[in-house]
Amino acid sequence: MRPRTGLLMQALLVVALLGLGAGCAATRVKPWDRDLLAEKKMQFNPSPSESDVDQHIYFSKEGSTGGSDVGGGGCGCN
Amino acid sequence: MQLGVSKPTSPLRSRLSAAAGALLALGSPAVSHGDAANPTWHVDASTLFYGERSRTRIVEPVVRVTRLFPDGQSISAKLAFDTMTGATPSGAMPSGRVQTTTTASGHVVTSTVGDIPLLPFRDTRAALDVEWQKPILGTLRSTIGGHVSREKDYQSLGANAKLSVDLMQRLTTVTVGAGTNRDSVFPIGGTPVGLSDGTILDTGSQAKRVTDGMVGLTRVITRRWIAAVNVSRTLESGYLTEPYKVVSLLDRVNGLPSGELKENRPSTRNRTDVLGSSVYHFTDDVLYSSYRYYWDDWGVRSHTIDMKYRHELEDNRYVQPHVRYYAQTRADFFTFGLKKGAPLPAYATSDYRLGPLRTVTLGLTYGFRTDYVPGEFSIRGEYMRQYGDGYPKDAIGTMSTMDLFPPVGIATLVLAYTVDF
C-alpha cells in the first residue's frame, strides 16, 4: 500500500463517517416515518442474484474486487 | 410478498403497519420483507447470458431459495452453474506475422497477423452457497455462510460470518464480518514454473488462501435517504499466478515477439477498499449510487462509480438505467513484454486485467408483474466496453505501431424472476 494513498483514504473515511454522523444527528426519523425506507427497493442490494452475477463479472474482468460483503466464492476466472 | 385481499384500513393503522414493517426491514437485510408472523419461502432465480466479441461466452443459471422463519431466522441456499466456452487472451503480444501457441492440453493455436493471441477453453463450474441469519438479543443479528465451488482446474471452499447491531433507535447499523477461503488450483497439464518456457513444476494442486474482513456503518439520514460506508481488507496468499498466461519475449530492436515465458506473480496480495453507498427515494423513483476506492500492494489502484435510477411506471412496472465507470492503474509488474536477453524480473504478467484499464458499463432493466403469475419478472441488458493503453510509450519497434490493447466489447443479458409464498 502506498503510504500517501493510505493517509488520503483514512482522511476521506473519517470525513465520510463524520458526515454520516452529522446527517443522522441532524434528523431523527421516527419509526412511523419509515414507510419509504421499508420498501424492498430501498435496500442497498434489492436484487441479490443479479448483484452476485455482476460481482462475478467484474471480478473476472478487472483487477479490483471487494466492497460490500465478505466471503463469497473464489473461482479460476481471476 | 403476496398480501392477498386486504380489508380497508384506517390511516392510523396504515401508518402503524408501515412503522412495524420499517422496523422489521431495518432490522434484517435482503429478504426480511415477508410476513414475519408466518413462515415464508422466497425464490430468486436468474440466468445470465454473457458474450464477448470473438472471445468468451457464458451461460449461468442461478437459483436462490430462502426459508423465512417466524422468529426472524432465515436459511438460504444458492446454486449456480456456469458453462464457459470460447477464447481468452494468452498474454502474448500481437505481431506482424502468424503466431502459434501450445495450450495446456497440447493443442497448437494459431493467431492471425496483428491480432491478440487467444487461447481456446471450455469449462463448467458448479457453485453452492448457503447462509443462515439469526436475530440475537433484539437488535443484534448474526449471519453465517459457506461456499463450495468446483470447476475443471479450480476448487473453492469458504466460510464467512457477520455480526450486525442496530443502534440509536435503529437509525444506525454497524456490521463486522470476516471470511476465509481455502482454494486449490490444479492446472491442466501441470503447474508451470514462473517465467520458464513451460517447464512443469508439478502436476499436483496448488493452495490459495483468501482471508477477508469488513466493517460497515449504515445510517438513516432522512425519511428518504439511507447511506453506508464499508471498509474491507482481503489478504491472499499461495498460488496467485494464472498458469495459462504468458509474457512475450521481444526482440530488442524491432520489438517483434520471438518467444514467450509463463507469467509469474507474487505469492501474497493485500487488498483494501472503501465503499460509500447511498439510496435515495424520490416521490416514487429511487436513485442508487456508490463510489469505491481500491488499492493493493501489487500497485493496482482503482475508482468505481456506479449509479442506477429506478423509474416507476404504471401497473407495477419499472425501468432502471445503469451507468458504471471503472478505472484502474497497472500492477507494478505488468508489462507488454520482456526484452529478450535482458535479466528477468522476479515477477511479470501481461494479463490485461492487471494493466491500465477502464471499463464503461451501460445497462437497462425492465421489471414487471403480471396478473396471471405471482412474483416479479425482470429483463436486463448491458453493454460493457473495456479500454486499455493500446499504444504504450515504452513500446519498441513495430510494437509501437500496433494496438496492444484493442477495446473489448461485452454484452450481457439477465433474465430474473423473484417470488414469495
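The values are calculated or read from the model by the stated rules, or taken from the named source; none is laboratory data. Computed from a predicted structure; not experimentally measured. Note: ideal-geometry Cβ built from the backbone for every residue, glycine included; neighbour counts use all protein chains shown. Side chains included, ligands, DNA and RNA excluded: accessible areas come from the protein's heavy atoms. Shrake-Rupley method; radii C 1.70, N 1.55, O 1.52, S 1.80 Å.
What the table below lists for this structure:
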{"item": "Qualifying residue in the stretch A:52-61 (condition: within 16 Å of B:Thr222 (Cβ to Cβ), modelled with pLDDT of 85 or more and of a type in the set (Phe, Trp, Tyr))", "result": "no"}
{"item": "Test for B:Asp183: is it facing another protein chain (nearest Cβ under 8 Å), more than 23 Å from B:Arg141 (Cα to Cα) and surrounded by 16 or more Cβ atoms within 10 Å (Cβ to Cβ)", "result": "yes"}
{"item": "Tally, over the stretch B:141-167, of residues that are surrounded by fewer than 16 Cβ atoms within 10 Å (Cβ to Cβ), at pLDDT below 95 and within 30 Å of A:Val29 (Cβ to Cβ)", "result": "1"}
{"item": "So B:Leu171, is it over 30 Å from B:Pro345 (Cβ atoms), in contact with a helix residue (DSSP H, G or I) (Cβ under 7 Å, 6 or more places away or on another chain), facing chain A (nearest Cβ under 10 Å) and aliphatic (A, V, I, L, M)", "result": "yes"}
{"item": "Residue tally, condition at pLDDT 85 or above and either open to solvent by 80 Å² or more (accessible area, probe 1.4 Å) or of a type outside the set (D, E, K, R) (or both), over the stretch B:70-122", "result": "28"}
{"item": "Residues that are surrounded by fewer than 20 Cβ atoms within 10 Å (Cβ to Cβ), in contact with an Asp or Glu (Cβ under 8 Å, 6 or more places away or on another chain) and among the hydroxyl-bearing types (Ser, Thr, Tyr), drawn from the stretch B:240-279", "result": "B:Ser258, B:Thr268, B:Thr272"}
{"item": "Members of the stretch A:53-64 that are facing chain B (nearest Cβ under 7 Å), within 17 Å of the chain's Cα centre (by Cα) and either over 22 Å from B:Val130 (Cα atoms) or not aliphatic (A, V, I, L, M) (or both)", "result": "A:Ser64"}
{"item": "Residue check for B:Ser237: more than 8 Å from chain A (Cβ to nearest Cβ), open to solvent by less than 20 Å² (accessible area, probe 1.4 Å) and more than 22 Å from B:Arg125 (Cβ to Cβ)", "result": "no"}
{"item": "Any hit, the stretch B:124-135, residues being surrounded by fewer than 15 Cβ atoms within 10 Å (Cβ to Cβ), among the hydroxyl-bearing types (Ser, Thr, Tyr) and part of a strand (DSSP E or B)", "result": "yes"}
{"item": "Any strands (runs of 3 or more DSSP E) falling wholly within the stretch B:251-360 and containing at least 2 residues that are at the interface with another protein chain (Cβ under 8 Å from one of its Cβ atoms) and either within 24 Å of B:Thr88 (Cβ to Cβ) or not aliphatic (A, V, I, L, M) (or both)", "result": "B:268-281, B:286-296, B:301-313, B:317-328"}
